[in-house]
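K.L.:
Before anything else, here's the structure in question.
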Amino acid sequence: MKRFLSIILMTTVLLTGGQTMAKTLNVEQESIAEVAAYAARGNQEGLKKALIKGLDNKVPVNTFKEILVQSYAYCGFPRSLNALSTLMQVVEERGNKDALGKEPSAKPAGNALTYGTENQTKLVGTEVKGKLFDFAPAIDEYLKAHLFGDIFARDNVDWKTRELATIAMLAARDGVESQLDAHINIGKHNGLTDEEVAQIKTIADKTGNDSLLFGFGEENPYGKYFTGKSYLNPITTENGVPMYNVTFEPKCRNNWHIHHKGGQILLVTAGRGWYQAWGEEPRELKAGDVVNIPAEVKHWHGAAKDSWFTHIAVEVPSEGGSNEWLEPVTDEEYNKLK
Ligand code: MN
């Protein structure tokens with residue numbers, strides 16, 4: 001039996017070539033991450049599709065209800081209420097045929113601040129205190145009594161699943177990096193693996209694609225010059241300065257290439273990615289970064305391995321300008337990047 005297992009494991013490693021991460025989240029967990037991320041973005045259309053997919057995948061209505069109630073702690077009442085309203089509508093439209101699943105048991109006896117503090121300590125693995133909580137004790141009390149007391153005491157969704165949803169919500173929001181890092185640690189303390197965390201972040205990231213400012217577009221017709229899948233949406237091509245929205249899936253990058261005569265300007269709008277000029281160190285990119293690529297410079301650009309990535313490519317006008325596509329960026333070069 002042991003030998004049989006090791007053959008299976010070896011085969012998995014060989015098939016994935018060590019490149020693709022082992023897929024460990026089940027469809028139910030994937031749906032919960034997707035629903036949580038759409039709710040956090042306030043995208044009701046995306047949320048509706050994700051809920052339908054999740055209910056088709058047999059996620060109980062009450063599991064989604066719990067996650068969307070919990071979402072108010074991370075995204076505020078307005079997004080939580082709108083998301084719950086979308087869930088209610090979807091369940092009604094499906095004829096109330098979906099399994100409701102478990103209801104939470106009765107509230108624990110005693111003081112919410114007391115059991116909430118115990119829950120928080122168990123969840124995090126250590127007592128939570130700090131300068132900020134001395135400065136503003138009210139927020140410490142609300143976190144303990146309300147979030148980790150009232151909400152986390154509801155036992156029809158386990159803590160690992162609640163953390164999975166929290167990581168997805170925070171990953172879908174800007175400006176909450178320290179909370180995201182904290183919840184990744186809490187999630188891992190409650191049984192999530194590094195691979196699962198990476199998958200949750202990728203799912204959350206992807207939910208941004210249907211609300212991209214300049215559109216997602218179609219599969220890139222220049223795909224043969226790319227490793228992995230990318231999507232192209234022409235923004236404007238009429239007035240001498242063509243601009244395209246380009247979205248790369250995680251790990252996707254274009255081949256080394258040169259813009260002859262006219263250069264190129266990249267305006268990064270979403271995700272995490274890379275730019276590298278020949279002979280130079282790779283430059284990490286995030287939303288808001290601008291890359292000026294002079295004509296005749298050999299270079300590539302693309303996504304980080306765990307993130308979708310979107311930039312606007314502005315083609316600098318020139319007479320007789322052209323693109324010269326060269327060799328792919330090898331896995332060996334690319335895998336050195338974080
Ligand atoms: Mn380029």
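Please treat every number below as a calculation from the coordinates, not as lab data. Values in this document were obtained by computation on a predicted structure and should not be read as measured data. No Cβ is skipped: glycine too gets one built from the backbone with ideal geometry, and neighbour counts run over all protein chains shown.
K.L.:
Using Cα pairs under 8 angstrom and six or more residues apart, how large is the relative contact order of the chain, in percent? Mind dumping the intermediate values first?
P.N.:
Details: 603 pairs, mean separation 47.4, N = 338.
Worked out over the chain, it gives 14 percent.
K.L.:
Another question, then. With no solvent and one point on each alpha carbon, what is the Debye value of log10 I(q)/I(0) for segment 27-70 at q = 0.23, 0.33 Å⁻¹?
P.N.:
The Cα Debye sum returns log10 ratios of -0.67, -1.32.
K.L.:
Another question about this same structure. Expressed as cubic angstrom per residue, what is the convex hull volume of the alpha carbon set of segment 37-154? List each step's numbers first, then the result.
P.N.:
Details: hull volume 13.9 nm³, N = 118.
Dividing the Cα hull volume of segment 37-154 by its residues yields 118 Å³.
K.L.:
Which three lengths, in whole Å and largest first, does segment 30-99 cover when its Cα atoms are put on their principal axes?
P.N.:
30, 22, 20
K.L.:
Let me ask something else about it. How large is log10 I(q)/I(0) at q = 0.13, 0.14 Å⁻¹ when the Debye formula is applied to the Cα atoms of the chain, each weighted equally and without solvent?
P.N.:
Here the Debye-derived log intensity ratios amount to -1.05, -1.14.
K.L.:
Going highest first, how would you order 200-210, 328-338 by mean Cβ packing within 10 Å?
P.N.:
Packing proxy ranking, top to bottom: 200-210, 328-338.
K.L.:
Quick test of the membrane-span-like rule: which DSSP H helices of the chain reach at least 15 Å along their long axis (C-alpha atoms) with mean Kyte hydropathy at least 1.0? Display every interim value, and only then the final one.
P.N.:
Details: long enough: 2-16 (21 Å, 1.45); 27-41 (21 Å, 0.09); 44-56 (18 Å, -0.41); 77-93 (24 Å, 0.23); 112-124 (17 Å, -0.35); 159-171 (18 Å, 0.40); 177-189 (18 Å, -0.84); 194-206 (18 Å, -0.71).
Both cut-offs are met by 2-16.
K.L.:
Using the Cα centre as the reference, give the magnitude of the dipole from point charges on the C-beta atoms of segment 169-320 (Lys, Arg: +1; Asp, Glu: -1; all else neutral), rounded to the nearest 20 debye.
P.N.:
On the way: 14 positive and 20 negative charges, 40 e Å.
Its charge dipole is roughly 200 debye.
K.L.:
Still on this structure, I have one more. Order of Met88, Met169, Met243 from fewest to most other C-beta atoms within 10 Å? Write out the running numbers ahead of the final one.
P.N.:
Details: Met88 13, Met169 29, Met243 17.
In order of increasing Cβ crowding within 10 Å: Met88, Met243, Met169.
K.L.:
Where q = 0.14, 0.19, 0.21 Å⁻¹, what log10 of I(q)/I(0) comes from the Debye formula for segment 188-297, counting one point per Cα?
P.N.:
The Debye formula, applied to the Cα set alone, gives -0.67, -1.17, -1.39.
K.L.:
In addition: Specify whether the C-alpha gyration tensor of segment 206-258 places it in the rounded, prolate or oblate class, a ≥ b ≥ c being the square roots of the eigenvalues: rounded for a/c under 1.5, otherwise prolate if a/b is larger than b/c and oblate if not.
P.N.:
On the way: a/c = 2.33, a/b = 1.11, b/c = 2.11.
Oblate, because a/c is 1.5 or more while a/b does not exceed b/c.
K.L.:
Would you mind classifying segment 64-217 by shape? Square roots of the alpha carbon gyration tensor eigenvalues, ordered a ≥ b ≥ c; an a/c under 1.5 is rounded, otherwise it is prolate if a/b is larger than b/c and oblate if not. Intermediate results must be reported in sequence, preceding the final value.
P.N.:
Numbers: a/c = 1.75, a/b = 1.24, b/c = 1.41.
Oblate is the answer for segment 64-217, as a/c is 1.5 or above yet b/c matches or exceeds a/b.
K.L.:
Nearest 500 deg cm²/dmol is fine: what mean residue ellipticity at 222 nm does the chain get from its DSSP H runs of n ≥ 4 alone, each adding -39,500 (n - 2.57), divided by its residue count? Numbers along the way, then the final one.
P.N.:
Numbers: 13 runs with 140 residues, N = 338.
One gets -12500 deg cm²/dmol as the mean residue ellipticity at 222 nm.
K.L.:
Once you wrap a convex hull around the alpha carbon atoms of segment 248-338, what is its projected area averaged over all directions, in nm²? Before the final figure, lay out each step's value.
P.N.:
Working: hull surface 21.0 nm².
With the hull built on Cα positions only, its mean projection is 5.2 nm².
K.L.:
Here are some pairs, Lys58/Lys102; Lys53/Lys160; Lys122/Lys188; Lys49/Lys305; Lys305/Lys338; Lys49/Lys251; which of them have Cα atoms lying more than 18 Å apart in this structure?
P.N.:
Values: Lys58/Lys102 13 Å; Lys53/Lys160 21 Å; Lys122/Lys188 13 Å; Lys49/Lys305 26 Å; Lys305/Lys338 7 Å; Lys49/Lys251 26 Å.
Listed pairs above 18 Å: Lys53/Lys160; Lys49/Lys305; Lys49/Lys251.
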